[in-house]
Amino acid sequence: MSHYSKNNSGFTLVELLISVGIMSVIFTVIILNQSKYTDGIALTNLADEISLTISQAQVYSTGVKEFSTGEFNASYGLAFSLLSPGGSNSAYIYFADRDGNNNYNGDWSCPTDTNSECISRVDISRGNVIDKFCIEKIDSSQCDTAGNGAARRVDITFARPSTEAQITFFNPSGTSFTPGDVKGVKVVLKSPGGLTRSVTVYTTGQISVQ
């Protein structure tokens, strides 16, 4: 008579716990990386959108686009403001500079009456914000956000026939000022996860996304 034994194999409790632990670590890494990737894509899209809108303002200004019926003398630009009240780190204004003073004259709520300069208020989504403004100088970049010479609002306009950018800075009290040796401004954007991207507009009219 022959005898055989059946070997029952399976997971022990310890093996099961180890397997669950490994899978949890893998899923956590995947989720964190996906979140960071999504953050980065959304921030890049925001920087690209701002860059394209600035380019559109430049084209509209040099191309003498009609703003309202029979009104061809308006320049176009964007206004960014971190002033409180009177600004927002989660929105910017696309406007027509109707009086040629190189800045936006209007409320941040973007009124739509016939005398308004506001074309549209662009609300920033997905928790991204405008973090700060850096004054790009010939020999340095000033990103001080506390001093009276810090920029808390920046208006960028273009006036025909030149493609050069007119950049107006405002200090924390809302007063415009003109730093020396300025070659541009960097608008720094920040995601909920702490990632940063920037859009730099040079006085020459060049635009750089980094």
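The values are calculated or read from the model by the stated rules, or taken from the named source; none is laboratory data. Values in this document were obtained by computation on a predicted structure and should not be read as measured data. Ideal geometry is used to build each Cβ from the backbone, glycine not excepted, and the neighbour counts take in all protein chains shown.
Miscellaneous remarks
- Strands (runs of 3 or more DSSP E) completely within the range 41-131 that count 1 or more residues being in contact (Cβ under 8 Å) with a residue 12 or more places away in the chain and charged (D, E, K, R): 88-97, 118-123
- Among residues that are surrounded by fewer than 20 Cβ atoms within 10 Å (Cβ to Cβ) and over 15 Å from I167 (Cα atoms), G86 is included.
- For the residues D123, D144, the requirement of being within 23 Å of T44 (Cα to Cα) and exposed (fewer than 14 other Cβ atoms within 10 Å of the Cβ) singles out D123.
- Selection from the range 158-174 of residues that are outside any loop (DSSP other than H, G, I, E, B) and hydrophobic (A, V, I, L, M, F, W, C): F158, A165, I167, F169, F170
- Considering residues of the range 32-63 that are surrounded by 12 or more Cβ atoms within 10 Å (Cβ to Cβ) and at pLDDT below 85 only, the residue farthest from F133 (Cα to Cα): S35
- Each residue in the range 175-191 was checked for being closer than 13 Å to N103 by Cβ and outside any strand (DSSP E or B), and 2 pass.
- T157 being surrounded by 14 or more Cβ atoms within 10 Å (Cβ to Cβ) and farther than 16 Å from K137 by Cβ: yes
- Filter result (among the acidic types (D, E) and within 17 Å of G87 (Cβ to Cβ)) within the range 146-196: D155
- Out of D181, D144, sole residue that is of a type in the set (D, E, K, R) and without any contact (Cβ under 8 Å) to a residue 40 or more places away in the chain: D144
- Residue in the range 100-113 that is exposed (fewer than 13 other Cβ atoms within 10 Å of the Cβ), within 20 Å of the chain's Cα centre (by Cα) and over 25 Å from S75 (Cβ atoms) present: no
- When the range 161-202 is limited to residues that are surrounded by fewer than 16 Cβ atoms within 10 Å (Cβ to Cβ) and closer than 19 Å to Y104 by Cβ, the one that is modelled with the lowest pLDDT turns out to be T178.
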